[in-house]
Every structure is written in structure tokens, then in C-alpha cells.
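Read through the structure below, which is laid out as C-alpha cells, and then see the notes.
The values are calculated or read from the model by the stated rules, or taken from the named source; none is laboratory data. In this text the structure is predicted, and so the values were computed from the model without any measurement. Every residue, glycine among them, receives a Cβ derived from its backbone with ideal geometry; neighbour counts consider all protein chains shown.
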Amino acid sequence: MSTSSYLYQRPAGTTQLNETTQVRIASDIVIGGDAVVMMAGPCAVESEAQLEAVAQTLVSVGIRCMRAGAYKPRTSPYSFQGLREEGLKMLGNIKAKYPLAIVTEVLSVDQLDAVAAVADCLQIGSRNMHNFELLKAVGSVQKPVLLKRGLAATLEEFLFAAEYILKAGNPNVILCERGVRSFDPWTRNLLDLASVPLLKEMTHLPVIVDPSHSTGKRSLVVPASRAAVAIGCDGLLIESHPTPDKALCDAAQALPLDVLTSLLPSLNTVASAIGRSMS
Ligand code: PEP
Ligand code: MN
């Protein structure tokens, strides 16, 4: 058996959009097709009422993926760690009630069964991009995996992390550019937009952008989202909250729900300028 098969690599000379692997999150949600897919929701699941408010807004504007974390990887052990099992239950209730696919993070191998029972797509966060046992474990289930770039990962390291999942037997990997650490504290991370077309040259995997963690600043999320669509991302992951200033996690970057919805027409305009649509 080959020791370096590079399953993520795009065959030479194939850079067309229709040669991107399509990852199906739900029967009608495909990442890597013509449409740029919106995923939105609060950083953390906080309450039923919070999720209800978000779900109603998403459904009312045609967004079909809710992203919210039940398990949160926090830099400080004194920060809110997520509602954990209780949060998963709340996500399950939302899924039963609304036509929304659920994207949520799994932090460790022992959580995988419980998270996979609710999630339509498993998120592997930045801090876990190098957690090789977790990568192998999500490679052994057939749920789509949204793999975030590590805080300081090169693109090669990012793709090797994807390779772990593919090699373990799960072809449904979505790459997520979420910025890398830089010397400048004015943004939370440095949004590496050039990684999007570069990754799409290097790999057949779909690439989405997280303008929330990559900027860390509410006022930057809207322009960064437009730029991400313009540069060719296959989806956006945007943190949004009914009362952003009261968010228990990542308040500074959370968009109010009305700003999230008012962003959509301009994203449609940008998408159509490059022959795509928003979904
Ligand atoms: C998140 O998506 O809420 C998160 C913790 O992101 P990242 O892993 O990119 O820091
Ligand atoms: Mn967050």
C-alpha cells in the first residue's frame, strides 16, 4: 500500500468548479456545488429561547444550516464551556422542529457518538486540527466533517489533517479557512483569503470561510463575507446571536440577526457576479 497517496489532491489540470467534490450535508444541501451555502448561528448553544430565535430567523430568510456549539473549546478554563449534553438535546429539538441541518463541534473521541447522533455535519475546530486520533475517529463515520484550519497551520498541514479523515474512509470533508494567528492584535486572526483559491487549486475538497473568527470584530464580518464570496468560497460560517452583546462566547464578533439577514442581498449580488448563487 502506498505510504503517501495524497487523497486530497486534485488531479493535475483540473481546476474547474464542477470538479470540486460535493459534500452533501442534507438531501437538499450540497457544499461544493454552484451555490455558496450559508451556515449561521450562535457560537454556543445557550438556551432553547436563543436557538428558537435564531432558527426562526434562519428559516425566514432561507438559510438551511444552523451552526451552534454544545461543546466549546475555550482558551480559559474559567470561560463558559458550553451546555454540553444539554446543548446537544436542544439542538436535537431544533432539528425536529425546523427544516435546518445542524453543524456542531466535537471536541473528543468519547463525545463522537453523542454528537454524531444530532449533527448533520461534525465540526473539528482549529484547536483540534492536529488531534490525529480525533481525525481518524471522524474518518470512521460517514457524517460530513467541517475541518477548520489550525491557529497556525500551514496549508500543507491543513491538507494533511484532511488526509487523515479521507484515509480513514470518510470522503466528506469540507475545509474551513478561519484565519491564522498574526502579529497584529487589531484583528483576532489574519483572514487568509488567498488560501481559498489556492486550496481549490491544490485539492478537490470544498472550501468555506469563517469571517467571524478570522476577524473577531462585528464590523468586519460583513465586508469579509462579501470578499470571501468574491474570491470563490463554497460556503460561509457566520456567528450570529439574538442579543450579541450578551453572548456567552465570542460576543465581539457576533452579528445581530437583522444584520445577518440584511447581508444576504449583497452576497447574492457578489455571487451572481461570478456566476454563482447563495443558498
Ligand atoms: C467556533 O467555531 O466557535 C470556534 C471555536 O472556532 P475555531 O475553532 O475556528 O476557533
Ligand atoms: Mn465562536
Enumerated helices (runs of 4 or more DSSP H) restricted to the range 176-251, each holding at least 3 residues that are touching a strand residue (DSSP E or B) at 6+ places or on another chain (Cβ under 9 Å), within 14 Å of ligand 1 (Cβ to nearest atom) and within 21 Å of I63 (Cα to Cα): 211-215
V54 vs. criteria hydrophobic (A, V, I, L, M, F, W, C), within 16 Å of ligand 2 (Cβ to nearest atom) and assigned to a helix (DSSP H, G or I): yes
Only one of L155, L112, L166, L100 that is among the aliphatic types (A, V, I, L, M) and either modelled with pLDDT under 95 or under 16 Å from the mean Cα position of the chain (by Cα) (or both): L100
Residue among A68, A12 that is away from ligand 2 (no atom under 16 Å from the Cβ), without any contact (Cβ under 8 Å) to a residue 60 or more places away in the chain and among the aliphatic types (A, V, I, L, M): A12
Filtered residues of the range 84-117 (kept if surrounded by 19 or more Cβ atoms within 10 Å (Cβ to Cβ) and of a type in the set (V, I, T)): I94, I102, V103, T104, V106, V115
Scan of the range 156-209 for residues that are farther than 17 Å from L134 by Cα and charged (D, E, K, R), ordered by number: E156, E177, R178, R181, D184, R188, D192, K200, E201
Candidate set: the range 30-63, residues that are farther than 22 Å from Q253 by Cα and crowded, with 23+ Cβ neighbours inside 10 Å; chosen: the one farthest from the chain's Cα centre (by Cα): G32
Test: residue in the range 76-83 that is closer than 29 Å to V196 by Cβ, modelled with pLDDT of 95 or more, of a type in the set (A, V, I, L, M, F, W, C) and out of contact with any Asp or Glu (no Cβ under 7 Å at 6 or more places or on another chain): no
Checklist (1) in contact (Cβ under 8 Å) with a residue 24 or more places away in the chain; (2) over 22 Å from L134 (Cα atoms) applied to L83, failing item: (2)
Residues of the range 251-270 satisfying the condition of being away from ligand 2 (no atom under 15 Å from the Cβ) and either over 17 Å from Q50 (Cα atoms) or crowded, with 19+ Cβ neighbours inside 10 Å (or both): L257, S262, L263, L264, P265, S266, L267, N268, T269, V270
